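Scroll down for the structure; my scribbles are underneath it.
Readers should treat all values here as calculations from the given coordinates under stated rules, not as data from a laboratory. If you're wondering where the values come from, they're calculated on a predicted model, not measured in any experiment. Cβ placement follows ideal geometry from the backbone for every residue including glycine, while neighbour counts extend to all protein chains displayed.
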């Protein structure tokens, strides 16, 4: 992203100390999960196809950063991807210790809140932009509940995954008003009771209307895979979302 590094500081990491982006995130989602019982594996369930959760939706999204010195900054994001549905299922589903028979009407709640925070150190910077290494945490606060509508029978799988991530973050000033930004974050783990991976890719294009106000569009693609054997969740949760983002960016 950067043609060459220059030792001079100036304001090369970003022109402003604090930035806040308010946007609408249009997502396309795909979720596969399984909640095992006390005696064996449960049914692999596609939450969109099998249980009727919407595969496309738009949500409010908050992003921002705080630059506390020339080469150091803190980035954060937060948004809610929760969904609910009611559907008459087309096959038997073993979800935890509960069996939901074919033609049963079930209510599904998938609560998913995303919180991201990362520290970035800029090791390459110039008047045209910067490139930095980042380390942070990606929290996917997830809860999947399936209930039989008439009986109120419910079984819940609850997993919160605070995943440490590493990656790269940077920007390129295309012109006085146009800026290209991007980031890539990764996580992989394999220990006794849990296996997981995360890939989070983002690219955004900003246009400065005023010195402290920009409009922008972006794209974000995330894939998360978790296979766990824990007290609150024994099974698997694989989901991905791909989406476009339109936002206002305020710089202070």
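May I ask you to derive the FRET efficiency for residue 26 and residue 139 from their Cβ-Cβ distance with R0 = 25 Å, giving the value to the nearest 0.05?
With a Förster radius of 25 Å, E is 0.65.
State the percent of C-alpha pairs, over all pairs in the stretch 98-223, separated by a distance greater than 20 angstrom.
I get 61 percent for the Cα pairs in the stretch 98-223 exceeding 20 Å.
On a full-extension model of 0.36 nm per residue, what is the gain between residue 127 and residue 248, subtracting their alpha-carbon distance, rounded to one decimal in nm?
41.2 nm
Can you sort 239, 95 by how many other beta carbons sit within 10 Å, fewest first?
Least to most surrounded, the residues fall as 239, 95.
Each label point is 7 Å from the Cα along the Cα-to-Cβ direction; what then is the distance between the points at residue 207 and residue 240, in nm?
Reported label-point gap for residue 207 and residue 240 is 3.1 nm.
Can you sort 87, 171, 116 by how many other beta carbons sit within 10 Å, fewest first?
87, 116, 171
Please order 65, 121 by the number of other Cβ within 10 Å, starting at the fewest.
Placing the least packed residue first, the sequence is 121, 65.
Multiply the residue gap between residue 101 and residue 41 by 0.36 nm, knock off their C-alpha separation, and tell me the result in nm, one decimal place.
Gain on extension, residue 101 to residue 41, equals 19.9 nm.
Per 0.36 nm of contour for each residue apart, how much would the distance between residue 68 and residue 195 grow if the chain were fully extended, relative to their Cα-Cα spacing?
So the chain would gain 42.2 nm between residue 68 and residue 195.
How big is the Cα convex hull of the chain in projection, averaged over all directions, in nm²?
Averaged projected area of the chain's Cα convex hull equals 14.4 nm².
Highest GNM mean-square fluctuation, the chain, Cα pairs closer than 10 Å: which of 26, 213, 198?
Fluctuation is largest for 213.
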